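See below for the structure under consideration.
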Amino acid sequence: MGFGILILKLVLEPILGYSMGPWATTYKLSVLSSSDFHTSQRMSRLARYSFWALQLRKLHSSHIATLSFPSSFSTSASQSTATRPSPPPIHVGLTEYAGRGVFASRRISAGELIHTAQPIVSHPSLSSVHTVCYFCLRKLPSSARSLEASQTVSFCSTQCEDQSKKFYDVEKKADWSRFNEYCRLQGLKYPLLVKRLACQVISGVVSSDVLDILQPEIPSSDRISKMKKEVALLNNTFEGSDIGSEQMAFLTEEWYAGVLARIRINAFRIELAIGSYEDLLSLAAASVEAEAAVGNAVYVLPSLYNHDCDPNVNIVWIENVDAKVKALRDIEEGEELRICYIDASMDYKARQTILYEGFGFHCNCLRCASKD
């Protein structure tokens, strides 16, 4: 096993929830060689590409390595780990315009469920925290929304409660009322994800660098100033508990800024579309008409999909936070799979503005090239 593979294996195993072991399948992640890095860097027009290439080069700069995943990239929150589906028909490689990308390893038919993915970290919105499962974000039955329940959080099943136990035991040691109120008044959602991630790190569920594989945004000076206030409040909240200082050693301004920069550009807004995903048209309609977001989540593989204003795949959430990626049309082997980061119904100028201000790039897809 190469050094780069070993490092990525150590990063991804806690996310996947099981050892990647000796399995050999078709799901691969290419790692840049030194010469490939310099060639690709010259071809890149985006700062994020240079960062991604550099991160991979740091892991393994001597040759192209391959990371093989087990026979299932992820399982749903309710699925037994004993039953694993076939490997997803995709692989991760490098593009000439935006760094990494996801490509079809075989022909994919319209309407096909390509894969599902569980989040690295997720958190319900403050408006939904008492109406959805605190772990998987599944909506709770109305019978579970009692007056008593409105004063605390609930889980939809013993399985979700068990999976949350380690980090939730840490969270319960602190009083989050000031932190949550600050987020509510400021209209902030991403610091809630940082809070949960910090609890996961303290509990040993994940490592403090678990998000390093993802691309970060480049924060403005104003954003950095706000980050300092947020991390101070987060530290003060933990310090009011009986959590030891050695367990919180990772929680520095630098760590907070790096994590938040990655969350801001990679987090997905979770809107549940209750129903079956077997019918593509019904699924698309359900996604459009979904109720307000119940929370936010960050994933590994879904975060590697590049943008297109006329996407060939769509990510939806049916009943919980498990992301389901489905083909919107037939996709040929070797073709890149792309999602739409924003509302595709907007006009050309609106799309360009939002993509540049929110994600730092100007879109050059075929639709934008024709100014549609």
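The values are calculated or read from the model by the stated rules, or taken from the named source; none is laboratory data. Note that the coordinates shown come from a computational prediction; the quantities given were computed from them, not determined experimentally. Every residue, glycine among them, receives a Cβ derived from its backbone with ideal geometry; neighbour counts consider all protein chains shown. Surface areas here come from the heavy atoms of the whole protein model, side chains and all, with no ligands, DNA or RNA. Shrake-Rupley method; radii C 1.70, N 1.55, O 1.52, S 1.80 Å.
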Hey, if we sort LYS189, LYS228, LYS371 by accessible area with the 1.4 Å probe, largest down, what's the order? LYS371, LYS228, LYS189
Stretched out fully, how many nm does the piece from GLU112 to GLU254 gain, at 0.36 nm a residue minus the Cα gap? 47.0 nm
Step through the residues of the stretch 215-223 one at a time and calculate ³J(HN,Hα) from phi using the Karplus curve (6.51 cos²θ - 1.76 cosθ + 1.60, θ = phi - 60°), rounding each to whole Hz and writing x for Gly and Pro. 6, x, 7, 9, x, 7, 4, 5, 5
Which FRET efficiency, nearest 0.05, do ASP175 and SER225 yield, Cβ-Cβ r, R0 22 Å? 0.30
Lysines whose Cα lies under 17 Å from that of LYS349, excluding same-chain neighbours fewer than 8 positions away: LYS371
Hits among aspartates and glutamates - C-alpha to C-alpha of LYS229 under 18 Å, sequence gap 8 or more where chains match: ASP175, GLU181, GLU239, GLU253, GLU254
Total charge dipole magnitude, the stretch 165-207, about the Cα centre, Cβ charges on Lys, Arg, Asp, Glu only, Debye to nearest 20: 80
Rolling a 1.4 angstrom probe over the protein heavy atoms, how many square angstrom per residue are accessible across the stretch 121-267? 48
Fraction of accessible area attributable to carbon and sulfur, the stretch 121-267 (%, probe 1.4 Å): 48
Taking a ≥ b ≥ c as the square roots of the Cα gyration tensor eigenvalues, with a/c under 1.5 meaning rounded and otherwise prolate when a/b beats b/c or oblate if not, the stretch 121-267 comes out prolate
